[in-house]
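The values are calculated or read from the model by the stated rules, or taken from the named source; none is laboratory data. This one's a predicted model, so the numbers in the text were calculated from it and none came from an experiment. Ideal geometry is used to build each Cβ from the backbone, glycine not excepted, and the neighbour counts take in all protein chains shown. Keep in mind that these areas ignore ligands, DNA and RNA; they rest on the heavy atoms of the full protein, side chains included. Shrake-Rupley method; radii C 1.70, N 1.55, O 1.52, S 1.80 Å.
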Amino acid sequence: MSGGIRVTVEFPAPAVCPIADLSERASTTISDVSTSVAAADSADCVTEFLIDADAVPEDYDDPVFEYADRHLYRVTHDTDADCPCVCLGEFDTPVDRFFAHSGDLEVVFHAESFDQLQTIVGEFRDRYPEVDIQRLVRAPTGGAPRDTVFVDRGKLTERQLEVLQTAYDMGYFAQPREANATDVADELDITPSTLTEHLTAAQRKLFADVLEEGS
């Protein structure tokens, strides 16, 4: 697979991320974060970020710079603490975007290939069992004008997937339609209204991936 993959991953309340920790202490969102750089003579990495001045706890360190309504801070990610951001650095993969809210951390990074993605995700799952792969987007390939979104079928329940697959196989989504709601419902031994509920729930989950809702 060429073109690379953009990956959005969420870590619920990682214990060792200083940015996530501050977002929880300050009950605020931190999203304006710069790319980390290596500290001099150290394997640690340094990150700068902006936070609303009114949200900073009184006992927090002094800022590097003070704007009118936001303060700029600089933190060091200790490699020995096994921070998710540092874990990515072990694969020579920088974080493209941070989003920390109430202790949870979301990061966006770019994998060069599907093989690298599998390796990184495998490492994440070993170190952070609660990690959640939110979204995968493949870069345009072969002259395609748009990128390709990976749709996570795992978001669907087994019943929702069964209903969606049956409706598709019977031509419910075809133009012209080859089967109506009653036909599909009879095949599944459910009522048409229950069919509609399952289809609506399944499509809403899949559309969230396709439309990159929340990104």
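At the residue level, Val64 shows approximately 80 square angstrom of accessible surface with a 1.4 angstrom probe and all protein chains present.
The residues neighbouring Phe99, those whose beta-carbon lies less than 12 Å from its own, together hold a net charge of -4 under the Lys/Arg +1, Asp/Glu -1 convention. Here the stretch 66-105 is assigned +1 on the Cβ of each Lys and Arg and -1 on the Cβ of each Asp and Glu. Its dipole about the Cα centre then comes out at about 200 debye. Surface listing: Tyr172, Tyr73 arranged by accessible area from highest to lowest gives Tyr172, Tyr73, probe 1.4 Å.
Counting 0.36 nm for each residue step from Ser34 to Gln118 and taking away their Cα separation leaves a gain of 27.7 nm.
Placing dummy labels 7 Å off each Cα toward the beta-carbon, the span from Glu130 to Glu66 is 3.5 nm.
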